[in-house]
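No value in this document is a laboratory result; all are computed from the given coordinates. Predicted model, so just to flag it, every value in this text is computed and none were measured. Cβ placement follows ideal geometry from the backbone for every residue including glycine, while neighbour counts extend to all protein chains displayed.
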Amino acid sequence: MEDRKRGFSKIALIYLILLFFVAFTFQFSIVSFAGESNVTVDVNVSILSEITVTPTSINWTQIGPGQAGGTRLLDIRNTGSVNATSVYAFVTTLDNETTSPYLSSNAADYSASGVLVFHNETDPRFYWAGRIEWNWTESIANFVDPFTSLGGSDGYGFFRNASNSFVWAIANGTNGLCNNTGAQLALTDPYDDGTSSTRSPSVGSINRDGGDAFFSYFSVARSSNFLYGMCMAVDTQCTKIYAYKYDKRAGFTSCANAQNIVGNLVPNQIEQITADVWIPKGIPTGDMKQAVWVFRSS
């Protein structure tokens, strides 16, 4: 009996020790977290207006006259910290090609940007980045002059995409200058096949929207025309026409068809550009003059 009591006493003692150990461990755990503390984190980002276009160079090689080079993709990314608005682009065709290259056998007399076309994500049509066509210095067979009542055209020529050509004509305005009020631009709709029906340019729905010291700016609103939706700048002396769409520099924005590539990019947003080159027939073999494609935003 006495042994049984001693056994119960030992068991009770063991339970007490275990209970004490558990209580001590629990208390220690509570104490170990009692030192927790919070730190707040605040960051202020400075203002940076920046867009980045990648890749930084594109090229096409061994493209035959009358052919397209094949599409290339570019990203316009807003790498700044504020919205990039009114993103537009222009090329250096007018700087690279200051005189007519038509009698030259050197490809370097032609600007590479003059054959560049591209579109954005919302409009799948390709538009010229900035293409010049120069006045044709010889008579054009079967040409039907749209300005005979004004004494005849002051400039005319061919506008070429890749495999096809069209005919254009211009008449000067005030003081005999093509950048002044009264200047007119006419274009043909059908592909040129050498007949008078395809060499009869019309002024219908081609509107002069304004002018400055260098150009008159026309918008092509005739849906049947291959330049529909584009802008045409005609120089002061009526010697060349310049096709563009997404150039919003001072002056060029006068054209009603001139647009931004994208109106707004929030930080880190990307607008994808699809580019190609259309090589007209009659371009000399070799490297065309390297051009620069500039992207800007507000």
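Among 199-209, 72-82, the peptide with the highest mean count of other Cβ atoms within 10 Å heads the list, and the full ranking is 199-209, 72-82. Would you mind checking the tilt of helix 2-33 against the longest principal axis of the Cα atoms of the chain, expressed as 0 to 90 degrees and rounded to 10? Tilt relative to the chain: about 30 degrees.
For the chain, the longest piece that avoids every one of the GluC sites (Glu not before Pro) found in DSSP loops with at most 14 other C-beta atoms within 10 Å covers 139-298. Distance between the 7 Å Cα→Cβ label points at residue 212 and residue 79: 2.9 nm.
The distance from the alpha carbon centre of segment 156-207 to that of segment 91-118 is 20 Å, rounded to a whole number.
With a cut-off of 13 Å between beta carbons, the residues surrounding residue 113 carry a summed charge of -2, where Lys and Arg count +1 and Asp and Glu -1. Relative to the current alpha-carbon distance between residue 223 and residue 272, full extension at 0.36 nm per residue lengthens the span by 15.0 nm. The residues neighbouring residue 59, those whose beta-carbon lies less than 14 Å from its own, together hold a net charge of 0 under the Lys/Arg +1, Asp/Glu -1 convention. Between residue 197 and residue 249, the FRET efficiency estimated from the beta carbon spacing at R0 = 25 angstrom works out to 0.10.
Peptides 187-198, 156-167, 213-224 ranked from most to least packed, by the mean per-residue count of other Cβ atoms within 10 Å: 156-167, 213-224, 187-198. Think of segment 63-150 as a dipole: +1 on every Lys or Arg Cβ, -1 on every Asp or Glu Cβ, centred on the Cα centre; then among 143, 104, 84, 84 lies furthest on the positive end. A cut-off under 11 angstrom between Cβ atoms defines the neighbours of residue 145, and their net charge, with Lys, Arg +1 and Asp, Glu -1, is 0.
Using Cβ point charges alone (K and R +1, D and E -1), the dipole size of segment 118-245 about the Cα centre works out to roughly 100 debye.
For residue 294 and residue 71, the difference between the fully extended length at 0.36 nm per residue and the C-alpha to C-alpha distance is 78.4 nm. Length available on full extension from residue 143 to residue 105: 0.36 nm per residue minus the Cα-Cα distance, which gives 11.1 nm.
Among 215, 228, 122, whose Cα lies farthest out toward the positive end of the dipole of the chain, if unit charges sit on the beta carbon of Lys, Arg (+1) and Asp, Glu (-1)? Of the options given, the answer is 122. Dipole check for segment 51-296: with +1 at the C-beta of Lys and Arg, -1 at the C-beta of Asp and Glu, and the Cα centre as origin, the magnitude is about 320 Debye. Protection proxy ranking of 284-294, 172-182, by the mean of other Cβ atoms within 10 Å over each peptide's residues and highest first, is 172-182, 284-294.
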